1. Calculate, for W28 and T3, the FRET efficiency according to 1/(1 + (r/R0)^6) with r their C-beta to C-beta distance and R0 25 Å; round to the nearest 0.05.
2. May I ask you to evaluate 6.51 cos²θ - 1.76 cosθ + 1.60, the Karplus curve with θ = phi - 60°, for each residue of the range 45-59 and list the ³J(HN,Hα) values in order in whole Hz, giving x for glycine and proline?
3. Got a sec to turn the phi values of the range 63-72 into Karplus ³J(HN,Hα) couplings, 6.51 cos²θ - 1.76 cosθ + 1.60 with θ = phi - 60°, whole Hz, x for Gly and Pro?
4. Gain in length, E63 to D36, computed as 0.36 nm per residue apart minus the alpha-carbon separation, to one decimal in nm?
Amino acid sequence: MSTPAGFDELIHPATRLSVAALLAATEWADFAFVRDSLSLSDSALSKQLHTLEEAGYLEVRKEGGGRKRRTRVRLTDRGRAAFDGHVAALRAIVEGAGATAPAGPVADGDTVTAATGAAPGQQHHAEAGR
């Protein structure tokens, strides 16, 4: 299976995907809001934001000074396009898997054959009943 168009390896890790999803729903977000919403430490969030900023997916703005200094972040147009493309690629993967998956549950240990979509033995039993 080939990777669908729009799949973005940079956004795909769970933490960066969560950051992008949160920011996609707003224009600007305070650093503390993002940190608290995703239950991340300051350093963990800073690292992820830096990676997204370096790729041009995120803008970081520092406002005020001293104790009143506030960091705000937002997705850039490029970041929004990358996030939207990645979500579309993930949907294509899920929908593609659903189209080839067997109709019923597969028991532990069973494998699905690519040709028939049936677990081993199911095809034989079905043919035997003809």
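Read-outs: derived from the displayed coordinates by stated rules, not from any lab. Since we're looking at a predicted model, the values are computed, not measured. Cβ placement follows ideal geometry from the backbone for every residue including glycine, while neighbour counts extend to all protein chains displayed.
1. 0.20
2. Whole-Hz 3J(HN,Hα) from phi for the range 45-59: 5, 4, 4, 5, 5, 4, 4, 5, 5, 4, 7, x, 8, 9, 10.
3. 10, x, x, x, 6, 8, 5, 10, 9, 10
4. Full extension from E63 to D36 adds 7.8 nm.
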